[in-house]
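The values are calculated or read from the model by the stated rules, or taken from the named source; none is laboratory data. Just so you know, these numbers come straight off a predicted model, no measurement behind them. For neighbour counting, all protein chains shown are included, and Cβ atoms are generated from backbone atoms with ideal geometry for every residue, glycine included.
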Amino acid sequence: MDNKLYTAAEKVTGEGEFERHLELAKTRGLGIEIQEFSMPEVMGGDWEKRLEEYKILLRDFTGDLSIHNAYYDLVNVGHDPDVLELTRKKYDLHFMIAKELGCKIIVSHLKWFPFHTGPWLKNWQQEQVRFWDHYVGIADREGLLLVCENIYAPRPEFLKPVFDIIDSKRFKFIFDIGHANLISEVPIEEWITTFGHDLVYMHVHNNYGDYDSHSSVLKGSINFDYVFKVLDRVGIAPILTTEIYGDDLIESIDYLEGMIKNTGIYQQSLDFGK
């Protein structure tokens, strides 16, 4: 993957939203994370027609593409086989969409919940490994990179064993730094140092620790200057995807482009999953 900075585009912020992000990506040399097909309202409608529209829109796009997997109301560890089967069905469909659109990275959620603690934690980790093994096999065959992100987990050590056990270049961690700012019991730096080279992708947005506002990187309590210093010290240069959908997007891209240009590790050639 050549692009180190992506913009995430979803539909819920308005019609024409993907088209706006696509034009921005072409102008600024960005990759794109496609999020529209993760929305139930899209997949419950004529998503096949929209898929064909995407193919036309992307015909002359030369940047890198990732896609956000389905996640609303789904679980990949649980007791009800029907619910698990629904999750697999949704995931299989998104893997197909990813292939149709030429997306090489698929973004998913690990779905840790607060009751997965104590004696239940190890079982949850083992079941996660069992669930993802099938999709890692697909990624191997198709040359894909799967990245799974944190949502409600308060500590990185709850999630890290899943990646350690799977131990595949096709299955890596995406650090959603905004989620961590809301939920984490430890400093953001500890997430970066704990995952190290397993951290290959980040969802970048800011907030003040009160709600998941997806604000500009310059508007919140996360100090991104320090975050880049930590990345440089650890020696990792993850793909940075803005999850900022309003008017603050441009100032965030301007800032991130400047930090990439001035952070040593980002000047090195990166190769994720090739």
### Message
Taking the conditions exactly as written (closer than 18 Å to G178 by Cβ and assigned to a loop (DSSP other than H, G, I, E, B)), does I253 satisfy them or not?
### Response
no
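Considering every residue within segment 173-190, establish whether at least one is in contact with a Cys (Cβ under 9 Å, 6 or more places away or on another chain), modelled with pLDDT of 95 or more and buried (at least 21 other Cβ atoms within 10 Å of the Cβ).
Scanning segment 173-190 turns up at least one residue that is in contact with a Cys (Cβ under 9 Å, 6 or more places away or on another chain), modelled with pLDDT of 95 or more and buried (at least 21 other Cβ atoms within 10 Å of the Cβ).
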### Message
For the structure I just gave you, tell me whether Y208 is among the hydroxyl-bearing types (S, T, Y), modelled with pLDDT under 95, within 30 Å of G16 (Cα to Cα) and not in a strand (DSSP E or B).
### Response
no
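Just the residues that are assigned to a loop (DSSP other than H, G, I, E, B) and either hydrophobic (A, V, I, L, M, F, W, C) or at pLDDT 95 or above (or both), please, taken from segment 70-102. Steps first, please.
The first filter runs over segment 70-102 and keeps only residues assigned to a loop (DSSP other than H, G, I, E, B), leaving 70-80, 102.
Across segment 70-102, the qualifying residues are A70, L74, V75, V77, G102.
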### Task
From the list E41, E52, E48, pick out the single residue that is out of contact with any Leu (no Cβ under 9 Å at 6 or more places or on another chain) and either at pLDDT below 95 or assigned to a loop (DSSP other than H, G, I, E, B) (or both).
E41
### Message
Name the residue that is surrounded by the most Cβ atoms within 10 Å (Cβ to Cβ), counting only residues in segment 128-151 that are within 24 Å of E185 (Cα to Cα) and either more than 20 Å from the chain's Cα centre (by Cα) or not acidic (D, E) (or both).
### Response
V147
### Of the criteria (1) surrounded by fewer than 16 Cβ atoms within 10 Å (Cβ to Cβ); (2) closer than 17 Å to V107 by Cβ, which one A70 fails
(1)
### Message
Suppose the filter is at pLDDT 95 or above, outside any helix (DSSP H, G or I), surrounded by 15 or more Cβ atoms within 10 Å (Cβ to Cβ) and touching a helix residue (DSSP H, G or I) at 6+ places or on another chain (Cβ under 6 Å); does I106 pass it?
### Response
yes
### Message
Residue under question is S213, and the condition is that it be under 18 Å from the mean Cα position of the chain (by Cα), more than 19 Å from Y6 (Cβ to Cβ) and in a loop (DSSP other than H, G, I, E, B); does it hold?
### Response
yes
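Mind checking which residues of segment 131-158 are in a loop (DSSP other than H, G, I, E, B) and farther than 27 Å from D64 by Cα?
Y152, A153, P154, R155
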